[in-house]
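Student: Sharing a structure with you now.
The values are calculated or read from the model by the stated rules, or taken from the named source; none is laboratory data. The shown structure was predicted, so the numbers you read here are calculated from the model rather than taken from an experiment. A quick note on method: Cβ atoms are made from the backbone with ideal geometry, for glycine too, and the neighbour counts reach across all protein chains shown. When the accessible area is computed, the model is the full protein with side chains, heavy atoms only, and any ligands, DNA or RNA have been set aside. Shrake-Rupley method; radii C 1.70, N 1.55, O 1.52, S 1.80 Å.
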Amino acid sequence: MAIDKTLINKAQAILDAARNVVILTHMSPDGDAMGSALGMKHALCMSPAKQVSVVVPNGFPDFLAWMPGADEIIIYEKDAAKANELLEEADTIICTDFNEPKRIGALGQKMLDMVSAKGDAVNVMMIDHHLMMPERTLQDAANIVKIVEAASPSASQLVYEVVSAGSEIKSLDAATCIYTGMMTDTGNFAFNSNHPELYEIVAKLVAAGVDKDAVYNHIFNAWSEGRMRLVGYCLDRKMRIFPERHASLIALSGKELYRFNFKSGDAEGIVNMPLSIKEVNYSCLMREDKVTEAEKAFANGSKKKIKISMRSQGDRPVNMFCHDIFNGGGHKNASGGEYYGPLEEAVKLFLDNYEKYFLAD
Ligand code: 5GP
Ligand code: MN
């Protein structure tokens, strides 16, 4: 699973030459998005000659706000002018934890415009672990390097492999961010985690000073009361089970979320919970959200956006279901998508199609 050596060399040549760097990561950043982007930033900032900024399409959840460097992140939805200025000055753009420009909303179009206007004056590096669909990603070119390894448990691990390339990591902030991404994208090493090299990296990060117990507390023991009660409500009142396909569905309206004082990130992890039922192999969580300014271009006039999250056990892929039905994608066992329109329509699409895609055993 190691990254091809020529790719690593090419990536390192780009990083060595980089002076003005913008790092981008995906919409609704999770621990791995933040970990890979900030980990890369801190590693690059060891060299004082480099100016490095992280730009995200929209806000990140409170439980990630403690991450070193989070307070300096530029949020495109809030400060597009600053983000555009940084992109215009950039000689290097690094995309972490996504490979489709669509995954960063309006910022994606801005990036594409910039890359085509600048030509060879900008290098683009993609570091990601999602299945790459050729029609949805950047076209190959001499100034574009794609390190996209769908078998890797996290983008943060790939960042580690690129920036360390065998030597020790010198920035504790980089190590902490990378560890956070590795931990969150494997559910605290509970899935996608049967890779010995993962633990070799964790050992090096802890040796470099990462306080893994503190990271755990920041991520898992910082819930609001509303979030805890929302989980109870979902499991008791909202979870539907479809025994013939061992599937579960939780669909949450905006009104329901409002009752629980919902904040970005509060639904994190709920989709995994039904899989703890012995008979459940597929789990889907839908939640209604408002269409943001950045998403209007994709919304076909709808004011409502339904965010779909899917999880599965074992050899039961959910990424093609998300790709075909909800214009999304992701990994075999963890995928997502979206639907612009009422929640009931998204639920109907699920009900009309799940039997075709889900296995009966
Ligand atoms: P989550 O359910 O945690 O939001 O996402 C699970 C996985 O599916 C993540 O790896 C994420 O990148 C991917 N994913 C989520 N939403 C989308 C989407 O709208 N489009 C694509 N292509 N992938 C998604
Ligand atoms: Mn990831």
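Student: Please count how many residues of region 1-28 are surrounded by fewer than 24 Cβ atoms within 10 Å (Cβ to Cβ) and among the hydroxyl-bearing types (Ser, Thr, Tyr).
Tutor: Counting residues in region 1-28 that are surrounded by fewer than 24 Cβ atoms within 10 Å (Cβ to Cβ) and among the hydroxyl-bearing types (Ser, Thr, Tyr) gives 2.
Student: I've got another one for you. Give the number of residues within region 62-80 that are in contact with a Ser or Thr (Cβ under 9 Å, 6 or more places away or on another chain) and either crowded, with 20+ Cβ neighbours inside 10 Å or of a type in the set (Val, Ile, Thr) (or both).
Tutor: The number of residues fulfilling the criteria is 4.
Student: Moving on to the next point. Within region 1-26, which residues are touching a Ser or Thr at 6+ places or on another chain (Cβ under 9 Å) and over 18 Å from Ser152 (Cα atoms)?
Tutor: Residues of region 1-26 that are touching a Ser or Thr at 6+ places or on another chain (Cβ under 9 Å), as a first pass: 1, 3, 14-26.
Those that are touching a Ser or Thr at 6+ places or on another chain (Cβ under 9 Å) and over 18 Å from Ser152 (Cα atoms): Ile14, Leu15, Asp16, Ala17, Ala18, Arg19, Asn20, Val21, Val22, Ile23, Leu24.
Student: Within region 29-58, restricting attention to residues that are open to solvent by less than 30 Å² (accessible area, probe 1.4 Å), part of a loop (DSSP other than H, G, I, E, B) and under 27 Å from Lys307 (Cβ atoms), which residue is nearest to ligand 2 (Cβ to nearest atom)?
Tutor: Pro29
Student: Something else: When region 309-318 is examined, which residues are found to be touching a residue at least 40 places away in the same chain (Cβ under 8 Å) and within 26 Å of Arg259 (Cα to Cα)?
Tutor: Correct list: Ser309, Arg311.
Student: Being acidic (Asp, Glu) and crowded, with 19+ Cβ neighbours inside 10 Å is the filter here; which residues of region 252-267 pass it?
Tutor: The answer is Asp266, and nothing else.
Student: Which of the residues spanning region 193-224 are part of a loop (DSSP other than H, G, I, E, B) and farther than 18 Å from Cys177 by Cβ? Before you say what the answer is, go through the steps one by one.
Tutor: In the first step, residues of region 193-224 are kept if they are part of a loop (DSSP other than H, G, I, E, B); the result is 193-195, 208-211, 221-224.
Within region 193-224, Ser193, Asn194, His195, Asn221, Trp223, Ser224 qualify.
Student: Same structure, new question: Among the residues that make up region 174-192, is at least one of them assigned to a helix (DSSP H, G or I) and of a type in the set (Asp, Glu)? Outline the logic, then answer.
Tutor: Restricting attention to region 174-192, the residues satisfying the condition of being assigned to a helix (DSSP H, G or I) are 174-184.
Now narrow it down to the ones that are of a type in the set (Asp, Glu): none.
No: zero hits.
Student: Any residue in region 321-339 that is open to solvent by 30 Å² or more (accessible area, probe 1.4 Å) and more than 15 Å from ligand 2 (Cβ to nearest atom) sitting within a Cβ distance under 7 Å of a residue that is modelled with pLDDT of 95 or more and among the β-branched types (Val, Ile, Thr)? List the pairs, counting only those 6 or more apart or interchain.
Tutor: Matching pairs, first to second residue: Glu338/Ile306; Glu338/Ile308; Tyr339/Ile306; Tyr339/Ile308.
Student: Failed condition for Ala297, given (1) surrounded by 18 or more Cβ atoms within 10 Å (Cβ to Cβ); (2) within 20 Å of Leu107 (Cα to Cα); (3) of a type in the set (A, V, I, L, M), with all others met?
Tutor: Of (1) surrounded by 18 or more Cβ atoms within 10 Å (Cβ to Cβ); (2) within 20 Å of Leu107 (Cα to Cα); (3) of a type in the set (A, V, I, L, M), only one is false for Ala297: (1).
Student: For region 228-249, how many residues meet the condition of being open to solvent by 60 Å² or more (accessible area, probe 1.4 Å), in contact (Cβ under 8 Å) with a residue 60 or more places away in the chain and of a type in the set (A, V, I, L, M, F, W, C)?
Tutor: 0
Student: Which residue out of Glu85, Glu77 is modelled with pLDDT of 95 or more and of a type in the set (Asp, Glu)?
Tutor: So the residue among Glu85, Glu77 that is modelled with pLDDT of 95 or more and of a type in the set (Asp, Glu) is Glu85.
Student: As an exercise: evaluate Met310 against (1) open to solvent by 20 Å² or more (accessible area, probe 1.4 Å); (2) hydrophobic (A, V, I, L, M, F, W, C); (3) within 16 Å of ligand 2 (Cβ to nearest atom) and give the number of the one condition it does not meet.
Tutor: Looking at each condition in turn, Met310 falls short on (1).
Student: Could you grab me the full set of residues in region 143-173 that are hydrophobic (A, V, I, L, M, F, W, C), under 17 Å from Glu100 (Cα atoms) and either more than 16 Å from ligand 2 (Cβ to nearest atom) or open to solvent by less than 20 Å² (accessible area, probe 1.4 Å) (or both)?
Tutor: Ile144, Val145, Ile147, Ala155, listed by residue number.
Student: Also, I was wondering about something else. Kindly indicate the residue of region 109-142 that is assigned to a strand (DSSP E or B) and closer than 22 Å to Gly330 by Cα and also farthest from ligand 2 (Cβ to nearest atom) among those meeting that condition.
Tutor: Filtering first and then ranking leaves Val124.
Student: Also: Pick from region 95-142 the residues that are within 16 Å of ligand 1 (Cβ to nearest atom) and among the acidic types (Asp, Glu): which of them is most open to solvent (accessible area, probe 1.4 Å)?
Tutor: Among them, the one singled out is Glu135.
Student: A further question follows. For region 176-196, check the following and say yes or no: at least one residue is open to solvent by less than 40 Å² (accessible area, probe 1.4 Å), over 30 Å from Tyr354 (Cβ atoms), modelled with pLDDT of 95 or more and over 18 Å from the mean Cα position of the chain (by Cα).
Tutor: There is no residue in region 176-196 that is open to solvent by less than 40 Å² (accessible area, probe 1.4 Å), over 30 Å from Tyr354 (Cβ atoms), modelled with pLDDT of 95 or more and over 18 Å from the mean Cα position of the chain (by Cα).
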